[in-house]
Amino acid sequence: LAKTTQPISMDSYEGQEVNITCSHNNIATNDYITWYQQFPSQGPRFIIQGYKTKVTNEVASLFIPADRKSSTLSLPRVSLSDTAVYYCLVGVWGTDKLIFGTGTRLQVFP
Amino acid sequence: DAGITQSPRHKVTETGTPVTLRCHQTENHRYMYWYRQDPGHGLRLIHYSYGVKDTDKGEVSDGYSVSRSKTEDFLLTLESATSSQTSVYFCAISDEDTEAFFGQGTRLTVV
């Protein structure tokens, strides 16, 4: 199982772009990289998933270098409502026992 | 939102009593999971299921058992609750080549 490492916390201001990097040195060939967002007292919510290069949706972008040993979640122009914990997971849902790390606590200030 | 419901949402129980938490889905997804989350920690996998009557242990399975007699329901049982099992419990569902969807959680307090 690929273990992930993320910064414990990050601070930002409204309107800024936030990049959260996740390290996963022992990622397997079939593994996908998935990011989740969690607000207090709620279950995690899917943000974005990718395998390689770049993926973009209406919420975020995910950048994955060629060696896939790391990935970066990019949140454009964050707002106060983006204050949450962000988790990076590596594996395949249903095939692997996907383990959450401690996540990155993002605090957005006005 | 994905059709996933956890019950009860809140429960207070006494040490030594059995407790069963229910996860119900309407998505017909194959895989179901139980996680616990404690203050300052991420989610830790307790048990998961890859089909009816097919379950496996996660990273913190001691003191917990599960059952899945039909696709839509995944039950988590604490045979004899202890204070260390006070936590928020999340259920998740997923299917082939999809991400997982999480329930709203069950806050369990063992006194």
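The values are calculated or read from the model by the stated rules, or taken from the named source; none is laboratory data. All figures in this text were calculated on a predicted structure; none of them were measured in a lab. Note that we place each Cβ from the backbone using ideal geometry, even for glycine, and neighbour counts take in every protein chain shown. SASA here: full protein model, heavy atoms, side chains in, ligands and nucleic acids out. Shrake-Rupley method; radii C 1.70, N 1.55, O 1.52, S 1.80 Å.
Taken about its Cα centre, the range A:9-109 carries a charge dipole of about 220 debye when Lys and Arg each add +1 at the Cβ and Asp and Glu each add -1 at the Cβ. Which one of A:I48, A:I33, A:I99 has the biggest mean-square fluctuation once chain A is modelled by GNM with Cα springs under 10 Å? Taking springs between Cα atoms under 10 Å, the residue moving most is A:I99. Taken across both chains, chains A and B shield about 1600 Å² of accessible surface from a 1.4 Å probe. In the protein assembly as shown, taking the dipole from charged Cβ atoms about the Cα centre, the farthest positive-side position among B:S61, A:L73, A:G15 is held by B:S61.
Sparse packing (at most 10 other Cβ atoms within 10 Å of the Cβ) combined with a DSSP loop state is found for the following trypsin sites (Lys or Arg not before Pro) in the range B:1-69: B:K53. Note on B:E27 and B:R9: the model spin-label points, each 7 Å out from Cα along the C-beta direction, lie 2.0 nm apart. Counting only aspartates and glutamates at least 8 places from B:K53 when in the same chain, those with an alpha carbon closer than 13 Å to its own are B:E72, B:D73.
Since only B:S94, B:T109, B:Y50 are under comparison, the one whose Cα sits farthest along the positive direction of the charge dipole of the range B:4-110, derived from C-beta charges on Lys, Arg, Asp and Glu, is B:T109. Mean sequence separation of contacting Cα pairs (under 8 Å, at least six apart), scaled by the length of chain A, corresponds to a relative contact order of 37 percent.
For the range B:1-99, the set of GluC sites (Glu not before Pro) satisfying both a DSSP loop assignment and a count of at most 15 other C-beta atoms within 10 Å is given as B:E14, B:E27, B:E59, B:E79, B:E96. Would you please classify the overall shape of chain A from the alpha carbon gyration tensor, given that a ≥ b ≥ c denote the square roots of the eigenvalues, rounded means a/c under 1.5, and beyond that prolate means a/b larger than b/c while oblate covers the rest? Verdict is prolate for chain A. Taking a straight Cα-Cα cut-off under 19 Å and skipping sequence neighbours fewer than 8 places away in the same chain, the aspartates and glutamates within cross-link reach of A:K54 are A:E17, A:D31, A:D67, B:D97, B:E99. Between the alpha-carbon centres of the range A:67-110 and the range B:6-83 there is a gap of 24 Å. In terms of its C-alpha gyration tensor, chain B has a prolate overall shape, because the principal axis ratio a/c (a ≥ b ≥ c, square roots of the eigenvalues) is not below 1.5 and a/b outweighs b/c.
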